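Report on the structure given below.
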Ligand SMILES: Nc1ncnc2c1ncn2[C@@H]1O[C@H](COP(=O)(O)OP(=O)(O)OP(=O)(O)O)[C@@H](O)[C@H]1O
Ligand SMILES: [Mg+2]
């Protein structure tokens, strides 16, 4: 990867524990993510992948250490708001869509939160769903579509605000092999074509190997796996 590219996200000596320090999850972790690169956080269940994504995305705060994402500090409430609105997309392991709303309605939620004009929001929804092959499903309720389709909707939702950084927490974890491949392929295409940086948590080696970099998460520490 081109080291001249801008660093979009960085963690410096970040530590995080739960239960008043009894469960030490991350110890002194440092990581840089550059524009347009796809980074796999690869590690066993419970190793701290989600924790690191949550810290980068401002969904949780570290005990110690510095964080910078798109020039903002996800530890600060005011910065978190700007990050979520304008710079960051988050794809959750279990999609977190609203089951009894339609695909289109789910995608309108972030547009309403952002105050996007209706015509612009509809255009973006049409563009994104066409891209993931779901434009014919807009009027279907989320509870009536397949797991892979839901995950693609979740990716569309995370892209509604045209983020520069996409944090994806095992987006293929609940999918069968073929569907997982297609969702992963979509993320890879986004990184390559749109220059979006993607940080993807996965325990699956084949997906990790298809990323630009593999960062191993183990025993509270991270290490770069040489390619
Ligand atoms: N809110 C919490 N309170 C207490 N312990 C927690 C909390 N969140 C996570 N943990 C613990 O921290 C450790 C790391 O959890 P994390 O969810 O980051 O792992 P993970 O690598 O994402 O695992 P998985 O692959 O199963 O999703 C686990 O041992 C987990 O039980
Ligand atoms: Mg996890």
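Here are the numbers for this structure:
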| item | result |
| --- | --- |
| Over the chain, relative contact order from alpha-carbon pairs under 8 Å, at least 6 apart, % | 30 |
| Alpha-carbon spread of region 171-227, three principal axes, descending order, Å | 30, 27, 17 |
| Relative contact order computed over region 26-119 (Cα-Cα under 8 Å; 6+ residues apart), in percent | 15 |
| Order of 16, 188, 49 - criterion: other Cβ atoms within 10 Å of each residue's Cβ, fewest first | 188, 16, 49 |
| Residue exposure sequence - 92, 207 - by fewest surrounding Cβ within 10 Å | 92, 207 |
| Crossing angle, helix 118-131 versus the chain [Cα axis fit, 0-90 degrees, rounded to tens] | 80 |
| Dimensionless Rg over Rh [the chain; C-alpha; Kirkwood] | 0.96 |
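Each reported figure results from applying straightforward, stated rules to the coordinates on display, with no laboratory input. On a predicted model such as this, the values are computed, not experimentally measured, just so you know. We place every Cβ from the backbone using ideal geometry, glycine too, and count neighbours over all the protein chains shown.
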